1. Return the residues of segment 360-387 that are aromatic (Phe, Trp, Tyr) and either surrounded by 19 or more Cβ atoms within 10 Å (Cβ to Cβ) or more than 19 Å from the chain's Cα centre (by Cα) (or both); say none if nothing qualifies.
2. Do any helices (runs of 4 or more DSSP H) lying entirely in segment 114-206 carry at least 1 residues that are touching a helix residue (DSSP H, G or I) at 6+ places or on another chain (Cβ under 7 Å) and either surrounded by fewer than 22 Cβ atoms within 10 Å (Cβ to Cβ) or modelled with pLDDT of 95 or more (or both), and which ones are they?
3. Which residues, counting only those in segment 339-384, are part of a loop (DSSP other than H, G, I, E, B) and among the polar types (S, T, N, Q)?
4. If only one of ARG330, ARG357, ARG346, ARG315 is crowded, with 18+ Cβ neighbours inside 10 Å and either under 19 Å from the mean Cα position of the chain (by Cα) or farther than 18 Å from GLU187 by Cα (or both), which one is it?
5. Can you confirm whether segment 163-170 contains a residue that is touching a Cys at 6+ places or on another chain (Cβ under 8 Å), in contact (Cβ under 8 Å) with a residue 12 or more places away in the chain, within 30 Å of GLY31 (Cβ to Cβ) and not polar (S, T, N, Q)?
6. Can you spot a residue in segment 265-284 that is on the phi > 0 side of the Ramachandran plot and not in a helix (DSSP H, G or I)?
7. From VAL223, VAL218, VAL241, VAL253, which residue is more than 26 Å from GLY31 (Cα to Cα), outside any loop (DSSP other than H, G, I, E, B) and in contact (Cβ under 8 Å) with a residue 40 or more places away in the chain?
8. Yes or no: segment 16-24 includes at least one residue that is outside any helix (DSSP H, G or I), of a type in the set (A, V, I, L, M) and within 22 Å of LEU304 (Cβ to Cβ).
Amino acid sequence: MISTRIVDFLMSLGVLGLISSTIFNGLVFAGVYRFIAARRKNRAMASVDFSPPVSLLKPLHGAEPNLEAHIASFFEQDYANYEILFCARHTNDPGLQIARRVAARYPSIPAKFLVTGERTFINAKVSSLEKMAAAANTDIFVISDSDVRVTSNYIREVVAPFVREKVGAVTCLYRGVADEGLWAKLEAAGMSVEMTSGVLVANMMEGMQFTLGPTMAVRRRCVQQMGGFAFLGPYCADDFVLGNQISALGYDVILSDHVIDHVVLNLSLPASVKHQVRWMKSTRFSRPKGHFGTSLTFALPFGLLAGFAAWCLHRPHLAMALIVYSIVARAVMAAVVGAAVVNERRLLRTTLLYPLRDLLGFLYWVASYGSSAVLWRGQIYRLTTGGLMQPVADSPQPEHEPAMMA
């Protein structure tokens, strides 16, 4: 038997979590309303003719499922003046070979293919960004991951905010896409709902002070003032650091109303768990206070906890009510975010899966405090303050650190 004191504590903790997650739900709905209002305003101003030259920067690392189709979507843009630069570590990289093959089908779009050789930075992606930035012919860079696909209006809508000189960076939300595998679908639900909800609330509460990796658009001069992309080299969360630094320089970081597809590549349970725990660890070290507070945004873990306490108190109806409330609250949030913000194509599936993803998200959050080690492209690193990555066998400190958000 569990003592009455422990049961009362569990009930109090569970109810507290349900209250805090309900408040978070309210903030998400307010963020959704704000996002929709901004989107309407942006669409009303869409007649402004602003189409500066743009360089798309595409770091590559090996072949991925449907990579050819993903790359092709960037060549099919309804935009007059842009170039695409691809970069990998070696000339014979399979991803780079696929990019060459796709580019050959679109001879009217200027394309460059670069290699870095042995990586210069712990974060190998940064070596590619440095190489591509030096070879780019324009002053606006749009960086995107290899596992995203876009529609023909992508460039036009992403660069639109740069019409204002004070805008230094633009980023955009993404919907998770997974056509097979339960674990991939659960991860996709997290991308579409959990990530989007957190970004909407952060943007509403404090403004955008970070960018999101699948799309990071930035002015060349901002990168130069930051010290070049090399500044990002020691960090795991390069997307967070990039936006954080540009905000610290006094520029605006804008959340675009354009939404892209982020394709989930982790189909198995081990691969999905490793990827999501690594992301959680990265957030833990990049934004320690905010990451800790994330624990109060989950609903299902607290619903189960309060339900268990109510069952121990011989109140089965209350137990069921608390659990059902937590499930319905998460499903409603998923439906609203999915329908109104990211235009989720599998809305019913995402709505039904998200309560389970909410529970898994809490478990990933707990796991993020288990260690500071992450596996990054075959090598183990240790994360330290600010999200710095250090090889476990060699841990030199960099000479500079960014101004991080709490």
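The values are calculated or read from the model by the stated rules, or taken from the named source; none is laboratory data. What you see is a predicted model, and the numbers here were worked out from it, not measured in a lab. Methodologically, a virtual Cβ is constructed for each residue, glycine included, from the backbone with ideal geometry; neighbour enumeration extends over all protein chains shown.
1. Of segment 360-387, the ones aromatic (Phe, Trp, Tyr) are 362, 364-365, 369, 376, 381.
Hits for segment 360-387 are PHE362, TYR364, TRP365, TYR369, TYR381.
2. Details: elements: 124-135, 154-159, 182-189, 196-206.
In segment 114-206, the matching helices (runs of 4 or more DSSP H) lie at 124-135, 182-189, 196-206.
3. Of segment 339-384, the ones part of a loop (DSSP other than H, G, I, E, B) are 341-346, 368-372, 377-378.
Once the filter is applied, which keeps residues that are part of a loop (DSSP other than H, G, I, E, B) and among the polar types (S, T, N, Q), segment 339-384 yields ASN343, SER368, SER371, SER372.
4. Working: ARG330 fails: either under 19 Å from the mean Cα position of the chain (by Cα) or farther than 18 Å from GLU187 by Cα (or both); ARG346 fails: either under 19 Å from the mean Cα position of the chain (by Cα) or farther than 18 Å from GLU187 by Cα (or both); ARG315 fails: crowded, with 18+ Cβ neighbours inside 10 Å.
Exactly one of ARG330, ARG357, ARG346, ARG315 is crowded, with 18+ Cβ neighbours inside 10 Å and either under 19 Å from the mean Cα position of the chain (by Cα) or farther than 18 Å from GLU187 by Cα (or both), namely ARG357.
5. Kept after step one, since they are touching a Cys at 6+ places or on another chain (Cβ under 8 Å), are these residues of segment 163-170: 168-169.
Filter again for in contact (Cβ under 8 Å) with a residue 12 or more places away in the chain, leaving 168-169.
This time we only want the ones that are within 30 Å of GLY31 (Cβ to Cβ), so: 168-169.
Pick out the ones that are also not polar (S, T, N, Q) and you get 168-169.
Yes, there is a match, as at least one residue in segment 163-170 is touching a Cys at 6+ places or on another chain (Cβ under 8 Å), in contact (Cβ under 8 Å) with a residue 12 or more places away in the chain, within 30 Å of GLY31 (Cβ to Cβ) and not polar (S, T, N, Q).
6. Filtering segment 265-284 down to residues on the phi > 0 side of the Ramachandran plot leaves none.
Looking for residues that are on the phi > 0 side of the Ramachandran plot and not in a helix (DSSP H, G or I), one finds none in segment 265-284, hence no.
7. On the way: VAL218 fails: more than 26 Å from GLY31 (Cα to Cα); VAL241 fails: more than 26 Å from GLY31 (Cα to Cα); VAL253 fails: more than 26 Å from GLY31 (Cα to Cα).
Going through VAL223, VAL218, VAL241, VAL253 in turn, just one is more than 26 Å from GLY31 (Cα to Cα), outside any loop (DSSP other than H, G, I, E, B) and in contact (Cβ under 8 Å) with a residue 40 or more places away in the chain: VAL223.
8. Just the residues of segment 16-24 that are outside any helix (DSSP H, G or I), to begin with: none.
Looking for residues that are outside any helix (DSSP H, G or I), of a type in the set (A, V, I, L, M) and within 22 Å of LEU304 (Cβ to Cβ), one finds none in segment 16-24, hence no.
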